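The values are calculated or read from the model by the stated rules, or taken from the named source; none is laboratory data. Note that the coordinates shown come from a computational prediction; the quantities given were computed from them, not determined experimentally. Every residue, glycine as well, gets a Cβ built from its backbone with ideal geometry; the counts of neighbours run over all protein chains shown.
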Amino acid sequence: MTATSLRLIDIRKSFPGVVALNGISLEASSGEVLALIGANGAGKSTLMNVLGGIVRMDAGVIEIDGRAMELRSPLEAKTMGIAFVHQEMALLPTMSIVDNMYISGYPRRPDGLIDYRKAERRCSEVLETLGCRIPPRTRIKSLGAGDRQMVEIARALLSDPKIIIFDEPTSSLSSAEKTRLFAVIRSLKERGATVIYITHFLDEIFALCDRALVLRNGEVAGGGRVAELDYESIVQLMLGRSDLDASRREREMDSAPGEVVLKVTELEQKGSFEGVNLELRSGEVVGLWGLLGSGRSEIARALAGLDHVDGGRVEVRSRGALRRIKSGEAKTWIGMITENRREDGLLSQSSIRKNISLASLPSLLSKFWPFIDEKREKAEAGRLIERLGIKSAGMEFPVATLSGGNQQKVILSRWLQKNPPVLIMDEPTRGLDVGAKLEIQARISSLAREGSAILVISSEIEEIMSISDRYLVIYKGRIVAELGADASKESLLSAAVGATVVKQP
Amino acid sequence: MATSTEANALAKAERDRVLGRVLPIALFVAIVAFLGFTVNHFFTVNNLLNILMQSSALGFMAIGMTAVLITGGMDLSIPAVMALSGILGAMFMRAGGNPVIASLIMIAVGMAGGALNGLAVAYLRMIPFVVTLSTQAIAMGACVMITNSVSVLGLTPSFLDVVMSRILGIPTPIVALALVAALVAVLSQRSIFGRWLYAVGINAETARVSGVPKKKVLLGTYIFAGLFAGLAAIVVTARLASASPTMGQEGVVLNVVGSAVVGGVSIYGGSGSFAGAVLGAVIITMISNIMNMAHLSYYATLIVKGLVIVAVVAIDSRSKKA
């Protein structure tokens, strides 16, 4: 291990209403792999955005090789020798490898045209250092996920960076591809690069990294040499000592859950999840808990009939007995609030009334002719608006005119009106302010008390703990643990990062 | 802060709504006023009925196009399918067939063409533009091959008599268009299919998540457009007392799209009214008439209509972006 190449001193950054980074300092040496870990919202992304020149810090010093730097733009960060390998693969599938690598600035010939000969030579060189012998003219779309990841890395290496930041690079890789990626990272390290490796998966830290730094609430919670750390100590640092003893949620169960209304057996979607077994009873809220990329949203969408499944069976209670349903029928029985309100939750230009009644139109038909009974539609919408306390200038105004919390209540109303036996909610309070969050959470609990079976996904552990009656923990596309209401924050987090694998009962 | 953005959004929504309603009507009034002042005897019953008569087939096709545009799609094949329907129905009559069955054949052929488009768009997830351009080529090719570019004459006289008859002095196609347009306008607001149509156009994913059978809605929409191509075929065949491939010539597509767009239908999907589309058909017909009277060539007319459509779409885009 040689000299310190990157030093961050007391980095601070606030966004309106939130302190994202509250004085973070870190050092990384050339020839070292530093793991950066932290729960969602700990400040990892903001810190990396500061380093990448995307976000400007409020205070602090960034030193590279002992010289203080100012990073005002991504281009400046690149010139200073900082490169990113992003989690989201940002490649143009129909173009070749060489085009993708040089798209932001091709070498030119004297006549002004692209110097492909030079570009391809350099491209092959870089790919070869990664152990890749793919012709530079190959199109991206004919490559597998692992090779695409290599192209991403090659693109980052093109500018000969001293500091390379990997942001969750393994989320779409198979285990063989992962092994190859790790070998590449080790060889980068041997050549003297400084590698910062961001991940959710603790096993990767032990397999690859030299040191680990844990962030929590915008501060450095602790860390050290990986050889001296273990799963428990990392999880404890992520949580904070005081949190460990903090009392759990106080929601009391009014009544024991009812009968099983949804039974899922060996559900599978290739590449996303497999062997998913679960049961949902009426009157209970089950937290589907897992990290981003664990497969939790994929399971939810497949259950709701929005995406295909490759195997397994889904049964719902119908007229007193469990009955197997086809994927196409799922929408009749299972309501879904997706994680993207704007993208697939609302008809923005449409009125509040029409947004609420969208899923229940057949039940609103007039008795005499095949027209919608608008009087009844308005009455129903009005009732829900009042019940959920939706604040609007009137139900005929476009739903886009509402605040985020009220928009979410409109989506909730849509399903309340249809009233399917099972409701799945993916991040039901994302992007809402604290007041609206609490209100939606209270609604979820009262819905369950009225007999719905609810499956909830949330990235916020406090939220999922405050509303769930029990938990299913997802790790790499499988349910790895089934925990009861008394589960601790620690046990939830450990299971989600794969630290303990509890067999399903 | 939140309240002021909400107020802005409210104001903008209201402005868009008013603009969408007022623009076609304002254009209509302006053209009528212009014609009233410049043309002698413009405001005679005969002249007005004449314009409406010329608009009626276009109005039927514009209703079909409007449904497709509301889903965010496009149907370039409507005029060609209309011509093919007319030709097949006319040949059936020429061979001595019953005119009622001939009319049903025209409608059925139209719906079959629409089904072809709808299946490709909804179930094969093909791009509407490409699909309907191909259908247009296929239908047009079939028209020419079947007829050898010779008009099909010798239609059953009773067919012409009934379609071109007058109800209370008003030509039947005008009455039929008015009734059908009113029915479709009500259905679009009050039927489940109507709601689904707009929902798919505004946000297909939201519709799907909410349990709207998106594919069936799309298929149904293209079949609906085909049905109206068939209705238009009946009117055009009767008016010309013949059927020929030129019924579906390239200028007609422009007129159909123009009618819908001038009538306030957004080519981005999700908004537009059927009554507006019929009004648009009348506006487009009047523009053609003005050009005619000014002794401008057919091709100059194409340029003017093209410019009008681009202008209206530009306004539409502006209100979408803001």
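Scan the range A:76-89 for residues that are touching a residue at least 12 places away in the same chain (Cβ under 8 Å) and under 27 Å from the mean Cα position of the chain (by Cα) and the total you get is 9. For first residues located in the range B:272-297 and under 13 Å from B:Leu27 (Cβ atoms), partners that are outside any helix (DSSP H, G or I) and of a type in the set (Gly, Ala, Ser) and lie 6+ apart or on another chain with Cβ distances below 7 Å form the pairs B:Gly276/B:Gly263; B:Gly276/B:Gly264; B:Leu279/B:Gly263; B:Gly280/B:Gly263.
Among B:Ile146, B:Ile170, which is farther than 21 Å from B:Phe60 by Cβ, more than 14 Å from chain A (Cβ to nearest Cβ), in contact (Cβ under 8 Å) with a residue 24 or more places away in the chain and surrounded by fewer than 22 Cβ atoms within 10 Å (Cβ to Cβ)? Give the steps one after another, and end with the answer.
Working: B:Ile170 fails: farther than 21 Å from B:Phe60 by Cβ.
Answer to the check: B:Ile146.
Per the listing A:Leu361, A:Leu322, the residue uniquely part of a strand (DSSP E or B) and farther than 26 Å from A:Ala495 by Cβ is A:Leu322. Of everything listed in (1) within 17 Å of the chain's Cα centre (by Cα); (2) away from every other protein chain (no Cβ under 14 Å), the single unmet condition for A:Val286 is (1).
For the range A:327-347, which positions are outside any helix (DSSP H, G or I) and either modelled with pLDDT of 85 or more or closer than 9 Å to A:Ala304 by Cα (or both)?
Once the filter is applied, which keeps residues that are outside any helix (DSSP H, G or I) and either modelled with pLDDT of 85 or more or closer than 9 Å to A:Ala304 by Cα (or both), the range A:327-347 yields A:Ile334, A:Gly335, A:Met336, A:Ile337, A:Thr338, A:Glu339, A:Gly345, A:Leu346, A:Leu347.
Residues that are among the charged types (D, E, K, R) and either modelled with pLDDT of 90 or more or at positive phi (or both) within the range A:163-194 comprise A:Glu168, A:Arg186, A:Lys189, A:Glu190, listed in sequence order. Please determine whether any residue of the range A:325-340 is of a type in the set (Ser, Thr, Tyr), within 14 Å of chain B (Cβ to nearest Cβ) and surrounded by 20 or more Cβ atoms within 10 Å (Cβ to Cβ). Among the residues of the range A:325-340, at least one is of a type in the set (Ser, Thr, Tyr), within 14 Å of chain B (Cβ to nearest Cβ) and surrounded by 20 or more Cβ atoms within 10 Å (Cβ to Cβ), which makes the answer yes.
Exactly one residue out of B:Ser297, B:Ser242, B:Ser273 is over 16 Å from B:Leu52 (Cα atoms) and within 14 Å of the chain's Cα centre (by Cα): that is B:Ser273.
Candidates in the range A:407-438 are the residues that are within 23 Å of A:Gly451 (Cβ to Cβ) and surrounded by fewer than 18 Cβ atoms within 10 Å (Cβ to Cβ); of these, the one that is nearest to the chain's Cα centre (by Cα) is A:Leu438. Restricting A:Ala304, A:Ala381 to residues that are more than 13 Å from chain B (Cβ to nearest Cβ) and at pLDDT 90 or above narrows the list to A:Ala381.
Okay, residues lined up against (1) touching a His at 6+ places or on another chain (Cβ under 7 Å); (2) more than 21 Å from A:Ser466 (Cα to Cα); (3) among the hydroxyl-bearing types (Ser, Thr, Tyr):
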position: A:Lys391; (1), (2), (3): no, yes, no
position: A:Leu402; (1), (2), (3): no, yes, no
position: A:Gln407; (1), (2), (3): no, yes, no
position: A:Leu412; (1), (2), (3): no, no, no
position: A:Pro420; (1), (2), (3): no, yes, no
position: A:Val434; (1), (2), (3): no, no, no
position: A:Lys437; (1), (2), (3): no, no, no
position: A:Ser445; (1), (2), (3): no, no, yes
position: A:Gly451; (1), (2), (3): no, no, no
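Consider the range A:445-476 and keep the residues that are part of a helix (DSSP H, G or I) and touching a strand residue (DSSP E or B) at 6+ places or on another chain (Cβ under 6 Å). The one that is surrounded by the fewest Cβ atoms within 10 Å (Cβ to Cβ) is A:Ile464.
In the set (1) crowded, with 20+ Cβ neighbours inside 10 Å; (2) within 14 Å of chain A (Cβ to nearest Cβ), B:Arg208 fails one condition alone, (1). Elements of the type helices (runs of 4 or more DSSP H) sitting completely within the range A:1-120 and holding at least 1 residues that are within 30 Å of A:Val497 (Cα to Cα): these cover A:44-51.
Restricted to the range A:154-169, and to residues there that are surrounded by fewer than 21 Cβ atoms within 10 Å (Cβ to Cβ) and more than 12 Å from A:Lys78 (Cβ to Cβ), the residue that is farthest from the chain's Cα centre (by Cα) is A:Asp167.
Of all residues in the range B:274-319 being more than 14 Å from chain A (Cβ to nearest Cβ) and of a type in the set (S, T, N, Q), which is farthest from B:Thr66 (Cα to Cα)? Show your work before the answer.
We begin by selecting, within the range B:274-319, every residue more than 14 Å from chain A (Cβ to nearest Cβ); these are B:274-315, B:317-318.
Narrowing the set further to residues that are of a type in the set (S, T, N, Q) leaves B:285, B:288-289, B:292, B:297, B:301, B:317.
Numbers: B:Thr285: 17, B:Ser288: 21, B:Asn289: 23, B:Asn292: 27, B:Ser297: 28, B:Thr301: 23, B:Ser317: 17 Å.
Of everything passing the filter in the range B:274-319, B:Ser297 is farthest from B:Thr66 (Cα to Cα).
Of the residues making up the range A:261-290, those that are touching a Ser or Thr at 6+ places or on another chain (Cβ under 8 Å) and either among the aliphatic types (A, V, I, L, M) or assigned to a loop (DSSP other than H, G, I, E, B) (or both) are A:Val261, A:Ser282, A:Gly283, A:Val285, A:Val286.
Every condition in (1) surrounded by 23 or more Cβ atoms within 10 Å (Cβ to Cβ); (2) modelled with pLDDT under 95 holds for B:Tyr222 except the one numbered (2).
Going through the range A:375-405 one residue at a time, which ones are of a type in the set (D, E, K, R), touching a helix residue (DSSP H, G or I) at 6+ places or on another chain (Cβ under 7 Å) and free of Cβ contacts under 8 Å to residues at least 40 places away in the same chain?
Going residue by residue through the range A:375-405, those that are of a type in the set (D, E, K, R) are A:375-378, A:380, A:383, A:386-387, A:391, A:396.
Okay, now just the ones that are also touching a helix residue (DSSP H, G or I) at 6+ places or on another chain (Cβ under 7 Å), so A:376-378, A:380, A:391, A:396.
Passing the criteria: A:Arg376, A:Glu377, A:Lys378, A:Glu380, A:Lys391.
Tally time: how many residues in the range A:223-243 are crowded, with 18+ Cβ neighbours inside 10 Å and assigned to a strand (DSSP E or B)? So the count comes out to 1. Here A:Glu298 fits the description: assigned to a helix (DSSP H, G or I), away from every other protein chain (no Cβ under 11 Å) and either over 18 Å from the mean Cα position of the chain (by Cα) or crowded, with 17+ Cβ neighbours inside 10 Å (or both). Only one entry in A:Gly404, A:Gly394 is under 19 Å from A:Ser348 (Cβ atoms) and either exposed (fewer than 15 other Cβ atoms within 10 Å of the Cβ) or of a type in the set (Val, Ile, Thr) (or both), namely A:Gly394. Pairs meeting the criteria (first residue in the range A:94-115 and under 18 Å from A:Arg155 (Cβ atoms) and surrounded by 14 or more Cβ atoms within 10 Å (Cβ to Cβ), second residue modelled with pLDDT of 90 or more and polar (S, T, N, Q), beta carbons under 6 Å, at least 6 apart or on different chains) are A:Ile97/A:Thr138.
Could you please let me know if A:Ser159 is outside any helix (DSSP H, G or I), among the hydroxyl-bearing types (Ser, Thr, Tyr) and in contact with a strand residue (DSSP E or B) (Cβ under 7 Å, 6 or more places away or on another chain)? Against the criterion (outside any helix (DSSP H, G or I), among the hydroxyl-bearing types (Ser, Thr, Tyr) and in contact with a strand residue (DSSP E or B) (Cβ under 7 Å, 6 or more places away or on another chain)), A:Ser159 qualifies.
Just a yes or no: is a residue in the range B:177-189 out of contact with any helix residue (DSSP H, G or I) (no Cβ under 9 Å at 6 or more places or on another chain) and more than 14 Å from chain A (Cβ to nearest Cβ)? Yes: the range B:177-189 contains one or more residues that are out of contact with any helix residue (DSSP H, G or I) (no Cβ under 9 Å at 6 or more places or on another chain) and more than 14 Å from chain A (Cβ to nearest Cβ).
Scanning the range B:18-76 for residues that are surrounded by fewer than 18 Cβ atoms within 10 Å (Cβ to Cβ), of a type in the set (Phe, Trp, Tyr) and touching a Phe, Trp or Tyr at 6+ places or on another chain (Cβ under 8 Å) turns up nothing.
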